[in-house]
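Encoded as structure tokens, the structure appears first; notes follow it.
Every number in this text was worked out from the coordinates using simple rules, so none of it is lab data. On a predicted model such as this, the values are computed, not experimentally measured, just so you know. No Cβ is skipped: glycine too gets one built from the backbone with ideal geometry, and neighbour counts run over all protein chains shown.
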Amino acid sequence: MLTGRVALVTGASRGIGRAIVWALAEQGATVAINYHASEAAAIELTEGIKSRGGRALPYQADVTDPGQVADMISKIKDTFGKIDILVNNAGMMADSLVIDMSLEEWDQVINLNLRSVFLCTRAVVPGMLSQSWGRIINISSQAALTGSRRHAHYAAAKAGLLGFTYSLAKELGPHGITVNAVSPGRIKTDMIFARMEGREEEWLQQTPLRRLGNASEVAAAVAFLASPEASYITGVNLNVNGGLLMG
Ligand code: NAP
């Protein structure tokens, strides 16, 4: 159980982030719900958690912006006193061959999938160090290991995120803070629906479990890594992909 713990989930208004909020709240955690544009969805999620007896509040911030991240973290600490669990989930895809890719698109994808993780992590680690306890869980992707045509920026950011995870696990392990990654395969969210037309059958044939994943199945892995039961697990990349990529 996560009773008494405070979690921040970035990009939590929709998709996998939303499911992570539910999974952590069901374990008793108080959840800070970060969103960028989808205010109505974040408020609805907050009300849903509260109506089930949980504690949650929405926080608007662009997690690529250092000032907005700092403001968000200080507001969460003012309200809830601390942040015990950070889930770096906010992310985006864009579709271009490298030869056609603009610098703006490269920067946008790298910034949301990688720079944001550095900014949020750097802002929460001092509090975790002072209490000698913390959990940081980074949402990477199978693309980090397989590559993905038309998504070189995305795959590069997600691979960078794994290197960041392993390095941070070494830095923070001596202080009682675990750092792990979860790498989803193809999960039923807006991100994948936008790219699925004409490809679903091919994707199912590539996947031993012969179906796309549910956001709740990724969330369950995150909740496990945040739980007391995962206390001796750090520096791991946990694949949640229906067998699409093994090892
Ligand atoms: P999604 O449905 O597209 O949702 C993206 C989330 O990111 C939204 O909640 C969005 O919030 C938030 N976001 C976007 N820009 C932001 C910003 N600047 N600041 C804060 N939040 C921002 O994506 P998803 O499929 O749930 O993906 C979640 C994570 O899983 C991502 O890191 C993604 O790369 C990873 N992943 C997904 C899959 C998959 O198959 N779906 C596979 C592998 C990895 P607003 O709507 O409020 O802007």
Query raised in the report: Can you give the Rg to Rh ratio of the chain, both from alpha-carbon atoms, with Rh computed by the Kirkwood formula?
Result: 0.95
Query raised in the report: How far apart, in nm, are the 7 Å Cα→Cβ label points at Ala220 and Lys50?
Result: 3.0
Query - Cα-projected label distance for Glu202 with Asp62, points at 7 Å along beta-carbon direction, nm - result: 3.4
**Report entry** Two-site label geometry, Ala70 and Ile233: point separation in nm, points 7 Å out along Cα→Cβ
**Finding:** 3.5
Report task. Quickly estimate the mean residue ellipticity at 222 nm for the chain, helices only: each DSSP H run with n ≥ 4 gives -39500 (n - 2.57), and the total goes over all residues, rounded to 500. Result -> -14000 deg cm²/dmol
Report summary line: Semi-axes in Å, largest first, for the range 7-86 (Cα gyration tensor, √(5λ)) are 18, 14, 10
Report summary line: For the chain, the count of lysine pairs 8 or more apart or interchain whose alpha-carbon atoms are under 24 Å apart comes to 6
Query raised in the report: Relative to the Cα centre, what is the charge dipole magnitude of the range 1-94, using +1 at the beta carbon of each Lys and Arg, -1 at the beta carbon of each Asp and Glu, and rounding to the nearest 20 debye?
Result: 300
Query raised in the report: Is any helix in the chain, taking whole DSSP H runs, at least 15 angstrom long along its axis by alpha carbon and on average at least 1.0 on the Kyte-Doolittle scale, and which ones?
Result: 15-26, 116-131, 215-226
Report summary line: Under 5 Å from the placed amide H of Ala56, counting only residues 5+ away or on other chains, we find Val31
**Report entry** Förster-model FRET efficiency, 30 Å R0, Ala94 and Glu39, C-beta, rounded to 0.05
**Finding:** 0.85
Requested in this report: Can you grab the distance from the C-alpha centre of the range 164-208 to the C-alpha centre of the range 110-160, Å, no decimals?
Outcome: 11
Report summary line: One finds, for Leu209 and Thr146 with R0 = 22 angstrom and r their Cβ-Cβ distance, a FRET efficiency to the nearest 0.05 of 0.85
